[in-house]
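See structure below.
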Amino acid sequence: MHDVLLLLKDLMSIPSTTGQEEEIGKFLAAILRSMDMEVHTQEVEKGRFNVIGKRGNHGVLIVTHMDTVPADEDTDKLYLQKSGMLRGRGVIDTKGLIAALLAALAKTKDPVTVAFVVDEEETGLGSRVLEVPPSNYTLVLEPTDLKIANIEAGFLEVVVTFYGKSAHGAHPEKGNNALERLYAFLQNVENLSFVKPEHPLFYPPLYLLQEIKGGSVIYRVPDKAILRLNFILQPGISPVKALEELSQYIDEDTEIEVVDMDEAIVIDDDEDVVIRLKEAYKRAVGSEPEFTVMRSWTDAANLYMKGLKPIIFGAGSLWKAHTSEESVTLKELTTLRDVLIEFIEGE
C-alpha cells in the first residue's frame with residue numbers, strides 16, 4: 001500500500017497546478033489519517049489549505065509543497081521509460097519526494113510532523129502562513145541530487161522597461177530604438193560585481209535573462225522594450241546593494257520595477273539538523289553526503305523567517321524541474337525514502 005512507485009502513480013493522477021491543490025490536499029490528508037497521524041488542515045484561501053500531520057511530540061519537521069507548475073503537453077501523466085527513468089510533471093517537484101516521504105512515514109513510529117503546503121510555485125503563501133511547532137530538525141524537500149543544501153541563494157528579480165522613439169523602419173536615425181537600448185544595458189550586466197562567483201559552491205551564470213518583449217512585425221523603430229532579469233545572490237550580498245549597483249545603468253528614459261528580492265540563507269554545518277541528516281545519509285547509503293547550494297527560492301525562506309533553521313534535501317536534479325525533461329529514477333526515490341527513515345528515527 002505504501003510502495004513509492006504506487007504512491008507516486010496515485011499522486012501523479014491528481015492535477016495540482018498552483019491554485020488547484022484541493023484534491024491532492026484531500027488525498028494527502030486521507031493517507032496521513034490511514035497511518036493514525038493527527039491531521040489538521042489549515043485554510044489558506046477558499047478551496048486551498050495546507051495539510052499538517054503530526055505523530056508524537058518533539059520530532060523532526062519535514063515540509064514540502066503540493067502544487068506544481070502547469071504541465072507541458074506530454075508531461076501530464078507518469079511515464080516509465082525503458083532507461084528506468086520516471087518522467088512527468090511533478091516527479092521531482094515534488095510528488096516523487098512526497099511519495100518517498102509517505103513511504104518513510106509508513107515504516108517509522110517515531111515522532112514527526114509533516115506539512116504539505118500550497119502556492120510554493122507562485123507567492124509562497126502556504127508556507128508564509130503555515131502554523132507548525134518549533135523544531136531543531138527542519139527539513140524542506142526539494143530536488144538537490146540527494147546532496148545536502150544548507151545554503152539557499154538569495155535573489156533579485158526585476159523588470160526593466162526601456163522607452164525610445166518610433167520612426168519608419170527605413171529611417172532608424174530618426175528614432176530611438178528601445179531594443180538597442182535594452183541590448184546596451186545587457187552588456188553591463190556581466191560587469192556587475194555580484195554576478196561574479198566568490199563562494200566555492202556558486203558557479204556562473206548567476207543571472208537569468210528570463211523574458212524580453214519589444215518590437216513588432218510592423219516595419220518601424222521599437223519605442224518600448226521590456227526585460228525581466230533574475231539574479232542569484234551569494235551569501236553576504238544584500239539585494240538592496242545589488243539593486244543600487246544595477247540602478248547605475250538606469251537613465252531617465254528607463255524604469256526599473258523590483259518584483260521580489262531576498263537575502264541568502266546559510267545554516268551552519270554544526271547545526272543539529274545538518275548533523276542529523278548527515279548521519280542519516282551515512283547510515284542509509286553507506287558513504288559521506290555531498291553538500292550543495294539551492295539556487296532557487298523555496299519554502300525554506302519563509303520557515304527561516306519564523307525562526308526555524310531549515311535545510312533542503314531531495315532526489316532529482318533541480319535543472320530538470322519546470323521542463324519537459326523532468327525525471328528521476330526509482331532508485332533515487334527509494335534512496336530518499338531510506339534517508340528519510342533514518343532522519344525520522346534519529347540515532
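Throughout, read-outs are computed from the coordinates displayed, never taken from laboratory work. Nothing here was measured: the structure is a model prediction, and the numbers come from that model. Using ideal geometry, Cβ is built from the backbone for each residue, glycine included, and neighbour counts are taken over all protein chains shown.
When only C-alpha pairs under 8 Å and at least 6 residues apart count, what is the relative contact order of region 154-262, in percent?
About 45 percent, as a whole number.
Which percent, to the nearest 5, of DSSP beta bridges fully inside region 58-191 are antiparallel?
25
Which of the trypsin sites (Lys or Arg not before Pro) across region 50-118 are loop residues per DSSP, with 14 or fewer other Cβ within 10 Å?
When the trypsin sites (Lys or Arg not before Pro) of region 50-118 are filtered for loop state and at most 14 Cβ neighbours within 10 Å, K77, K82, K107, K109 remain.
Only Lys, Arg, Asp and Glu count, each charged at its Cβ (+1, +1, -1, -1), so figure out the dipole size of region 1-110 about its Cα centre, rounded to 20 debye.
400
Each residue of region 160-167 in turn: what ³J(HN,Hα) in whole Hz from Karplus with 6.51, -1.76, 1.60 and θ = phi - 60°, glycine and Pro shown as x?
10, 10, 10, 10, x, 9, 7, 7
In whole percent, what relative contact order does region 1-140 give with Cα contacts below 8 Å and a gap of six or more residues?
It comes to 33 percent, rounded to a whole number.
Restricting to DSSP H runs of at least four residues, report the calculated mean residue ellipticity at 222 nm for the chain, -39500 (n - 2.57) per run over all residues, nearest 500 deg cm²/dmol.
About -8000 deg cm²/dmol.
Local charge sum around A225 (other residues, Cβ-Cβ under 9 Å, Lys/Arg +1, Asp/Glu -1)?
Local net charge: +1.
Hey, how many Å between the Cα centroid of region 16-43 and the Cα centroid of region 306-327?
Region 16-43 and region 306-327 have Cα centres separated by 21 Å.
What is the order of M261, M66, M35, M12, fewest Cβ neighbours within 10 Å to most?
Final ranking by Cβ density, sparse to dense: M35, M261, M12, M66.
In whole Å, what is the distance between the alpha-carbon centres of region 105-123 and region 172-211?
Taking the Cα centre of region 172-211 as reference, the centre of region 105-123 is 39 Å away.
Rounded to the nearest 20 Debye, what is the dipole magnitude of the chain about its Cα centre when Lys and Arg each give +1 and Asp and Glu each give -1 at the C-beta?
Result for the chain is approximately 780 debye, rounded to the nearest 20.
With a Förster radius of 30 Å, plug the Cβ-Cβ distance of V258 and K46 into 1/(1 + (r/R0)^6) and report the FRET value to the nearest 0.05.
Taking R0 as 30 Å, the efficiency between V258 and K46 is 0.50.
In terms of the Cα gyration tensor, with a ≥ b ≥ c the square roots of its eigenvalues, is region 1-120 rounded because a/c is under 1.5, prolate because a/b exceeds b/c, or oblate?
The shape class here is oblate.
Can you put I250, I52 in order of Cβ neighbours within 10 angstrom, beginning with the fewest?
I250, I52
Rounded to the nearest 20 debye, what is the charge dipole size of region 209-347 about its Cα centre when +1 sits on each Lys and Arg Cβ and -1 on each Asp and Glu Cβ?
520
Which ³J(HN,Hα) values, rounded to whole Hz and listed in residue order, are derived for region 254-260 from phi using the Karplus coefficients 6.51, -1.76 and 1.60 in 6.51 cos²θ - 1.76 cosθ + 1.60 with θ = phi - 60°, glycine and proline given as x?
Once rounded to whole Hz, the list reads 9, 10, 10, 10, 8, 7, 6.
Which percent of Cα-Cα pairs in region 182-233 sits in each 5 Å bin, short to long?
The calculated distribution, bin by bin, is 4, 16, 24, 19, 13, 10, 7, 4, 2, 1.
Taking every DSSP beta bridge with both residues inside region 1-119, roughly what % is antiparallel (nearest 5)?
Bridges in region 1-119 that DSSP calls antiparallel: roughly 65 percent.
Rounded to the nearest 5, what is the percent of antiparallel bridges among the DSSP beta bridges in the chain?
Roughly 70 percent of the beta bridges in the chain run antiparallel, per DSSP.
What span do the alpha-carbon atoms of the chain cover on each of the three principal axes, reported in whole Å from largest to smallest?
Between the extreme Cα coordinates on each principal axis of the chain lie 75, 42, 42 Å.
Using the Karplus curve 6.51 cos²θ - 1.76 cosθ + 1.60 with θ = phi - 60°, work out ³J(HN,Hα) for each residue of region 11-26 in order, rounded to whole Hz, and write x for Gly and Pro.
Once θ is set to phi - 60°, the couplings for region 11-26 become 5, 5, 7, 10, x, 8, 4, 3, x, 10, 8, 4, 5, 5, x, 4 Hz.
How far is helix 272-285 tilted off the main Cα axis of the chain, in degrees rounded to 10, range 0 to 90?
Long axis of 272-285 versus the principal axis of the chain: about 70 degrees.
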